[in-house]
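This report refers to the structure that appears directly beneath it.
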Amino acid sequence: MRPNYPRVGSSVVPVLATIACLSIILAVTYFLAIKSDEVIVEQAQEQIQVEPEAPLVLEEQKTVTAIPEVPAKTIVETPQASPKELISAHLEAGEFGKAIETAETVSDLHQRTQLLKMVVQAQLKSGDFVAALGTIKRIPLADERAKVMGERAQAMSLSGGAQLADFTQLIDLIQTQTSGLWLDNGDGEGSIRQFDSGVRVDPNGLLHHISKTELNGRLAALGIKAREADLNNNVSKNSQLRLISLTRLEKEVQQLIEEGRSPVETMKMLAGLTKVEYIFVYPKDHEVVIAGPAEAWTYNDQGLAVGIESGRPVLQLDDLVTVLRTFSNQGEEIFGCSFDPRAEGLARVKEFVAKSNARGPLRAGAGVRNWTKQLKDKLGVQDITLYGVPDTSRVARVLIEADYRMKMIGIGKMDAGDNIPSYFDLLANHNSKDPQNLEALRWWLTMKYDSVLHNAERTAYQVVGSSVLCQSENQIVTKEGDRLQTGKAEELNREFAANFTKHYQELAQQDLVYADLQNIFDLALVAALMRNEQLANRAGWEMNAFAANGAYDPAQFEPAHTVETVVNHRVYNGKDVVVQVAGGVRVDTRSVVKNQDNLKVSEKVGALSTQSRAPALPVGRWWWDLAN
């Protein structure tokens, strides 16, 4: 039998189980509590570390602050721009002159070369090939200069022509495609200039005559043809009186030069002016004006600009600037040329002719040819003396050519028509004349004006009776070959000179070099009047580009220093007569304007001056036509 007491085991087990469950719960709770604290701590640490690494607020503040400081930033950084950047900006604005100035401040030759090439490319792109040539010549490295010269030649050929009737394209082609060392591109001593028209100069400066047939043949071989001028509709109209403001023209030329560009064709050809008839000064308007007939022009076979209707050469800016400088404070106020035979040559010829006559008449054919060759060899050459104008100028070229042709006409080697017979033709018609073995003649050309009219205020002038005068003198040749002046001209000598003067205008229509010479005389008269009457000062015109040391650079030609002696011979009354000619061209227009007998008052000139005052002109316009 079991005892009767309570059952202990059955109650303890549930208690222990409960305690165990509670312990597990507490442990899990504790563990979770610890993990939660660790995550919070780690997040806090991450926040603390991110703030110094990403100052987003500061970056935004810096950007906002920089916006109002943009003007100050631009001013500070402009001087720091590279030369290339500055040049690009100038070129974009069309400021070629400033671009060139910037390039030339760079001392490194390679860098300067590259910068100048940038300017050249921009000028070629604009079609200004003449200005590009000037920039190319500034390139310091010869190899690069030659390359760019070739690029210019190619660009010109692709464009279908150049701006003016010049031959720089041909010159450039020769210089870049031959192995010669050229002075013009800095590689050597050789030189090449514009194609000649009527005379040519060899490398030694010897002037040669070129016949018309030979000239045309050479031109055809080179492919040089007459071409039309590039004219706008306004300037192509004929005008009985076109007025050109020299002050406005110079201002426009100066601006183009400063921009690195060349004067346009209309400027170069003085708007088609073919003659100067009037000179006006407007002191209140600060203008000096020249006026005369004008027309559209073309270029003849020799490359000379001539009026389409009249056929006369047009006046050229190069010639005007040249003579303005001659009559400036730095000029000689006179200019001309002379052909002077060498004494030793004349002495040899005098002796040679005397011995030849002592032997009797020459045998026909080979005897005459041999005699003529000996005569030429013994004479040698004449020296060309030029004064008052640069020997490379077009003015010098025209003076020499006109003088040379006049002498060739006189000795029968060129034909001037029936009205101007040669000295030998005149000699044949005067049986009473007993010529010397050696006739030493002197012929020279100078200006001829009937008068210069002006108003009482001397603000308007008219040129009357413009022409050219041929003068003559007989000289004596001594045994030593010296030429002695006599101050006199015998009958036949005077007759040739008189015929040449009387029929000069007819000759000028036949041979344009004489019309060209007359144009230069007229421009010289303008320059002399401006000097003598102080027209520039009265107009308040202080010359810039046209001044003696101004920026305008007229075209240059190869200078001539010597010429084959002007001589010819005929058999007259059984003996040899040799005629040798000296002389030249003398332009002393100041003596014309200083002679008060040449200056006459005419109020009609003043009235025309009032009618001719410039109307309201477009910006940049420097010429206008008198309204009918």
Please list 277-289, 83-95 highest first by mean number of surrounding beta-carbon atoms within 10 Å per residue.
277-289, 83-95
Roughly how many whole Å is it from the C-alpha centroid of segment 507-533 to that of segment 367-409?
22 Å
For Gln534 and Arg613, calculate 0.36 nm times their separation in residues minus their Cα-Cα distance, and state this gained length in nm to one decimal.
26.5 nm
Taking θ as phi - 60°, what are the ³J(HN,Hα) couplings along segment 301-313 by the Karplus curve (6.51, -1.76, 1.60), each to the nearest whole Hz, with x for Gly and Pro?
4, 8, x, 8, 6, 10, x, 5, 8, 7, x, 7, x
Rounded to a whole number, what % of the accessible area of segment 225-334 do carbon and sulfur atoms account for, probe 1.4 Å?
44 percent
What is the packing order of peptides 598-605, 297-304, 545-552, 268-275, taking the mean over residues of other C-beta atoms within 10 Å and listing the highest first?
268-275, 297-304, 545-552, 598-605
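Go through 381-388, 608-615 and give me the packing order, highest mean Cβ count within 10 Å leading. Could you put the intermediate results ahead of the total?
Values: 381-388: 19.1, 608-615: 15.5.
Answer by packing, highest mean first, reads 381-388, 608-615.
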If I ignore ligands, DNA and RNA and count only protein heavy atoms, how much of Arg531 is accessible to a 1.4 Å probe, in Å² to the nearest 10?
60 Å²
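The values are calculated or read from the model by the stated rules, or taken from the named source; none is laboratory data. Since we're looking at a predicted model, the values are computed, not measured. Heads up, the Cβs are rebuilt from the backbone with ideal geometry, glycines too, and the neighbour counts pull from every protein chain shown. Just so you know, the surface numbers come from the protein's heavy atoms only, side chains and all, with ligands and any DNA or RNA stripped out. Shrake-Rupley method; radii C 1.70, N 1.55, O 1.52, S 1.80 Å.
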